[in-house]
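J.: Take a look at this one; I'll ask things after.
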Amino acid sequence: MAEVKTQRLRKELHLNFLKKAGECAALMRVALEQGGYNAAAILAVHCGISAADALTVFSLGVRHAGTNHADVQRLLMQVADPLMGQKLRHLAMLLGIKGVAEYEERLITETNARDAVTHAERFLSWVQGKVGA
């Protein structure tokens with residue numbers, strides 16, 4: 001299996017990724033309430049990605065720097081937590097909808113958007129607890 005491409009960062013920079021995740025979370029809720037289901041899903045995906053970066057920078061001093069976002073899950077498995085497998089399901093759902101939300105001709109349904117927002121909120125909340133935010 002190929003090595004996960006990473007970028008080394010100072011631990012305190014996890015706060016920047018946490019800020020990005022928080023901004024995406026706030027706006028995904030607004031988009032959802034206004035019927036912007038595609039925007040809500042896209043923001044949910046990026047909330048999850050930024051939250052994952054916050055956790056890996058905080059815990060490992062690196063962030064995922066490759067083109068395959070699924071590799072971030074392999075990086076997260078290096079963070080010691082008995083709930084990691086369960087929590088990664090939230091991120092996996094978000095990464096699974098990323099292509100549809102951002103690149104395909106299909107539109108995101110209200111149900112898909114609500115699910116994405118819920119997964120993003122749960123993942124971000126868990127990350128915030130892990131990093132003491």
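J.: Just to verify a result, which residue in segment 76-130, among those that are among the acidic types (Asp, Glu) and part of a helix (DSSP H, G or I), is nearest to the chain's Cα centre (by Cα)?
T.: In this case the residue turns out to be 121.
J.: As an exercise: evaluate residue 111 against (1) over 15 Å from residue 70 (Cβ atoms); (2) touching a residue at least 12 places away in the same chain (Cβ under 8 Å) and give the number of the one condition it does not meet.
T.: Every listed condition holds for residue 111 apart from (2).
J.: Only residues that are in contact (Cβ under 8 Å) with a residue 60 or more places away in the chain, buried (at least 17 other Cβ atoms within 10 Å of the Cβ) and over 15 Å from residue 45 (Cβ atoms): list them for segment 62-99, please.
T.: Passing the criteria: 71, 75.
J.: Quick one: what pairs do we get from segment 9-25, first residue part of a loop (DSSP other than H, G, I, E, B), second among the small types (Gly, Ala, Ser), C-beta under 7 Å, 6+ apart or different chains?
T.: Going by the 7 Å Cβ cut-off, the qualifying pairs are 9/61.
Read-outs throughout are calculated quantities, based only on the coordinates presented, and are distinct from any laboratory measurement. Treat the numbers as computed from the prediction; the structure is a model and nothing was measured. Positions of Cβ are generated from backbone atoms using ideal geometry, with glycine treated the same way; all protein chains shown enter the neighbour counts.
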